[in-house]
Each structure stands twice: as C-alpha cells, then as structure tokens.
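First comes the structure, then the notes that go with it.
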Amino acid sequence: MSTKAVVNLSTGMEDPEKVMIAYLVAVGAAENGRETLMFLTKEAVRLALAGVAVGTSCAGCPPIEDLAKRYEAAGGKYY
C-alpha cells in the first residue's frame, strides 16, 4: 500500500465547498502520516499564499484557514 497522497484542486475561494473538501482529504492523509501533496491549478494556486485560504463553506463546517494550518503543520506540501 502506498504511503503517499495527492489531492488535485483547480478551484479557489470562489467555490469554498470544493476547497474545504480538498483540504479535509489532504488533512486526513497528512495527519495519518502520509506524504501529502496538494496539486493546485488555475485559481487554486492562490490558496498556497498567506491570507487567501480564509472563510467557511457552510454553517458548522470547519474554517478553511484552520484546515490550511493543520495541513501545513502535518507536513503537507503544495505544488
């Protein structure tokens, strides 16, 4: 079984629900010890910049900024 994970995302904060789902998958993989890479294209490239991944996608959903911090703290990388 592979110990690596890649999450592909081409949508930025114009669709926060897709961003949140991508981060949830990436955080889950990274926090479980997998070498994790978020492959960002189009508008999603901006998410790797400080202060861009901010907001929530729905009531009761985790803030995207918190997910980004958890992802980075777990060793997740951006490409």
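The values are calculated or read from the model by the stated rules, or taken from the named source; none is laboratory data. Everything quoted here is computed from the prediction, not taken from an experiment. All Cβ positions, even for glycine, are placed from backbone atoms using ideal geometry, and neighbour counts span all protein chains on display. Surface areas here come from the heavy atoms of the whole protein model, side chains and all, with no ligands, DNA or RNA. Shrake-Rupley method; radii C 1.70, N 1.55, O 1.52, S 1.80 Å.
Can you figure out the FRET efficiency of LYS42 with GLU72, using R₀ = 22 Å and their beta-carbon distance, to the nearest 0.05?
For R0 = 22 Å, the calculated efficiency reads 0.55.
Taking a virtual spin label 7 Å from the Cα of LEU49 along the C-beta vector, which residues in segment 55-79 bring their backbone nitrogen under 20 Å of it?
It comes to 55-56, 64-69, 72, 77-79, nothing else.
For VAL45, VAL27, VAL52, VAL6, what's the largest-to-smallest order of accessible area, 1.4 Å probe?
Largest to smallest exposure gives the sequence VAL6, VAL45, VAL52, VAL27.
Of the listed values (i) 25; (ii) 40; (iii) 21, grab the one calculated as percent of Cα pairs over 20 Å apart from the structure here.
So the structure-derived entry is (iii).
Placing unit charges on C-beta atoms (Lys and Arg positive, Asp and Glu negative, everything else neutral), compute the dipole magnitude of the chain about its Cα centre in debye, rounded to 20.
Once rounded to the nearest 20, the dipole reads 240 debye.
Please give, to one decimal in nm, the separation of the simple spin-label points placed at LYS18 and TYR79, each 7 Å out from Cα toward the Cβ.
Spacing of the two 7 Å Cα→Cβ label points: 2.0 nm.
Relative to the first principal axis of the alpha-carbon coordinates of the chain, what is the inclination of helix 64-73, with its axis defined by its Cα atoms, in degrees from 0 to 90 and to the nearest 10?
On a 0 to 90 degree scale, this one is about 20.
Assuming R0 = 22 Å, can you tell me the calculated FRET efficiency for the pair SER10 and GLU65, based on Cβ-Cβ distance, to the nearest 0.05?
Computed FRET efficiency for SER10 and GLU65 comes out at 0.60.
Which one, PRO16, LEU49, ALA74, projects farthest toward the positive side of the charge dipole computed for the chain from Cβ point charges (K/R +1, D/E -1)?
So the residue we want is ALA74.
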